[in-house]
1. So how exposed is Glu23, as accessible area in Å² (1.4 Å probe, rounded to 10)?
2. Would you mind giving the three semi-axes, in whole Å and largest first, of the ellipsoid equivalent to the chain according to its Cα gyration tensor?
3. Report Tyr88's accessible area, 1.4 Å probe, all protein chains in place, as a number in Å² to the nearest 10.
4. With θ taken as phi - 60° and the coefficients 6.51, -1.76 and 1.60, list the Karplus ³J(HN,Hα) couplings across segment 84-96 in order, rounded to whole Hz; mark glycine and proline as x.
5. For segment 11-102, what's the relative contact order in percent, using C-alpha pairs closer than 8 Å and at least 6 residues apart?
6. So what is the relative contact order of the chain, in percent, for Cα pairs below 8 Å that sit 6 or more residues apart?
7. Against the longest principal axis of the chain, how steep is helix 154-164, in degrees 0 to 90 to the nearest 10, with axes from Cα atoms?
8. Quick one: which of 91-102, 109-120 comes out on top by average Cβ neighbours within 10 Å, and what's the full order, highest first?
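The values are calculated or read from the model by the stated rules, or taken from the named source; none is laboratory data. Fair warning: this is a prediction, and the values are worked out from it, not measured in the lab. Note that we place each Cβ from the backbone using ideal geometry, even for glycine, and neighbour counts take in every protein chain shown. To get the accessible areas, we keep the full protein, side chains included, count just its heavy atoms, and leave off ligands, DNA and RNA. Shrake-Rupley method; radii C 1.70, N 1.55, O 1.52, S 1.80 Å.
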Amino acid sequence: MHVLLADDHGIVRRGLRSLLESEPGVQVIAEAADGLQAFHLCEQSRVDVLIVDIGMPKMNGIEVTARVQKIAHPPKVIVLSMHSDESYILRALAAGAKAYLLKDAADEDLLPALRAVAAGKPFFSAAITAVLIEDYIRQLRDRGLTDSFHLLTDREREVLQLLAEGRSNKEVAVLLDVGVSTIETHRARLMEKLNLHNTAEIVLYAVRKGIIL
């Protein structure tokens, strides 16, 4: 697995590189000290996983994440951040990130996150999951609302989990042996029932409900 490590602090990169290279089959093929350099390296080399700090000079980590989605072979992206509030997480997911880790938990979470995204699954630091669940409960309480998960059919719950795991409508259709249009219908219905508006919100909802970990 070819990994590109992007952080503007050399001492952080060295620590993360040592951790990554302790994992069999992982090779850190390059390092970047700013977001623009990270993007150009992804363009020039076949990168399987990009690990990027959210607060990068020249181009921030969220912008790098969004731009690498447009190259011929986009890497899976793990975002490192000091921020645990939902707005940053949602922006990172909307840009295409597959994992969101708090930097102070990177020593513990980076290798599990790497294995998860390599398998096509999302990953969040435990502290992030706790924050999302607490925020969700608070929002429901403040608005006098109840969770609508019970309104979903069994098939809609299956579709929700598969979409939250990062699968496309086509991949879900193949797994469930139905047409893509059927999955699109299920997706539209579950999003309406749960008041979700995009894939990033589907992932956040699934994390809050413990559907994905």
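1. Its accessible surface works out to 40 Å², give or take rounding.
2. For the chain, the ellipsoid semi-axes come out as 31, 20, 15 Å.
3. Rounded to the nearest 10, that gives 70 Å².
4. The phi angles translate into 10, 7, 4, 4, 5, 4, 4, 5, 5, 5, 4, 6, x Hz.
5. RCO, segment 11-102: 23 percent.
6. Worked out over the chain, it gives 15 percent.
7. Here the helix axis deviates by roughly 20 degrees.
8. Details: 91-102: 23.0, 109-120: 18.6.
Output ranking for 91-102, 109-120: 91-102, 109-120.
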